[in-house]
């Protein structure tokens, strides 16, 4: 891709979870509403400000020698520290490395959790804000559109995002494997523990439409129910509550076993033996381990969910190699397409030059076609021949001429 003194190139300056502590990333973070003012304050003709939990990056296009110090000075001022303190905690890329890095970021391959999908939406949001602020020229637009397409191909052609890697995602995966369609499923959240609320939120986002919340303290149950916009129910009849549950989320953090096998057996009888998934989301557990021996009841503890998540992490790590292969292929494709676009004006000028020489030769030769073609050939070859005689590397020049004019084909 063009990186000459007049063409400019891509540049990224940033910090991420590997290069800088959370305190610095927090200082540089910006909400969407702040981004237009930030872009204006930077004063760069083309710029994008990407701010996520894992990273803060400035993407721009121009001359790196000019842009890099401006980006570092801006970030240092925003963080309230000296540039000399900031710089060792940053990284910067130019040209081809920017393309590769940005595709990797948008694909979730450079995230703290490999393969997480949210970052693609965050890059798109940063693009939208920069475009609305008038900071996206043709160069950034071409790159970002290619990045979005490449990130989609990474997820389509690899299994990088298929396995759960968090406890909540593992719980959703286990439930999905058991029930398939979540539309007819009812989940009952017993208690108000943090992990229970996280799993409940994930199930609702995954498509569970029916949920009840209950807790020993009615006020807490009501507060959580309002948070999720679902009904609450009294806690005084655990068997009835369990009988409603296709998925029971137990997050009571009780001082002793709260859900025993006898209660679950009674609930299953009321359910006419419809299977029940019981997720024990407390430490120490709220559910009697004997439940594992109860037919039609399927118990998963936090240890079980952790193993599912670890398997997901291992799977994604294996898939990362294949995903980076796609990134490399898409990087090369973008660079090749950009090189072709950059050659178009040169080819147009070359054709115009040839046409002008043709008209000049025809005018001077009158109706003598042989003389006209001889004049045209001599004039077109004169300047290139002089340049070749002065070249410092005749072997490269010879190879270039043979490729341009397919001279090897004529020798065969």
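The values are calculated or read from the model by the stated rules, or taken from the named source; none is laboratory data. All of these numbers come straight from a predicted model, not from anything done at the bench. Methodologically, a virtual Cβ is constructed for each residue, glycine included, from the backbone with ideal geometry; neighbour enumeration extends over all protein chains shown.
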Going by the conditions given, is residue 174 assigned by TED's automatic domain parsing to the domain that holds residue 274, touching a helix residue (DSSP H, G or I) at 6+ places or on another chain (Cβ under 9 Å) and outside any helix (DSSP H, G or I)? no
So is residue 280 buried (at least 20 other Cβ atoms within 10 Å of the Cβ) and either out of contact with any strand residue (DSSP E or B) (no Cβ under 8 Å at 6 or more places or on another chain) or assigned by TED's automatic domain parsing to the domain that holds residue 189 (or both) or not? yes
Residue in segment 239-271 that is surrounded by the fewest Cβ atoms within 10 Å (Cβ to Cβ), counting only those that are part of a helix (DSSP H, G or I) and in contact (Cβ under 8 Å) with a residue 40 or more places away in the chain: 244
Before we move on, is residue 97 under 16 Å from residue 334 (Cβ atoms), modelled with pLDDT of 95 or more, out of contact with any helix residue (DSSP H, G or I) (no Cβ under 7 Å at 6 or more places or on another chain) and in the same structural domain as residue 32 (by TED's automatic domain parsing)? yes
Residues of segment 150-167 being surrounded by 22 or more Cβ atoms within 10 Å (Cβ to Cβ) and under 12 Å from the mean Cα position of the chain (by Cα), which ones? 150, 151, 154, 160
A careful count of residues in segment 22-37 that are in contact with a helix residue (DSSP H, G or I) (Cβ under 8 Å, 6 or more places away or on another chain) and either over 17 Å from residue 80 (Cβ atoms) or surrounded by fewer than 20 Cβ atoms within 10 Å (Cβ to Cβ) (or both) gives 6
Over segment 110-141, the set of residues buried (at least 16 other Cβ atoms within 10 Å of the Cβ) and in a helix (DSSP H, G or I) is 119, 120, 122, 123, 126, 127, 129, 130, 139, 140
Report yes if residue 191 is closer than 24 Å to residue 311 by Cα, out of contact with any helix residue (DSSP H, G or I) (no Cβ under 7 Å at 6 or more places or on another chain) and surrounded by 20 or more Cβ atoms within 10 Å (Cβ to Cβ), otherwise no. no
Output yes when any residue across segment 306-314 is in a strand (DSSP E or B) and either surrounded by fewer than 13 Cβ atoms within 10 Å (Cβ to Cβ) or touching a strand residue (DSSP E or B) at 6+ places or on another chain (Cβ under 8 Å) (or both), and no when none is. no
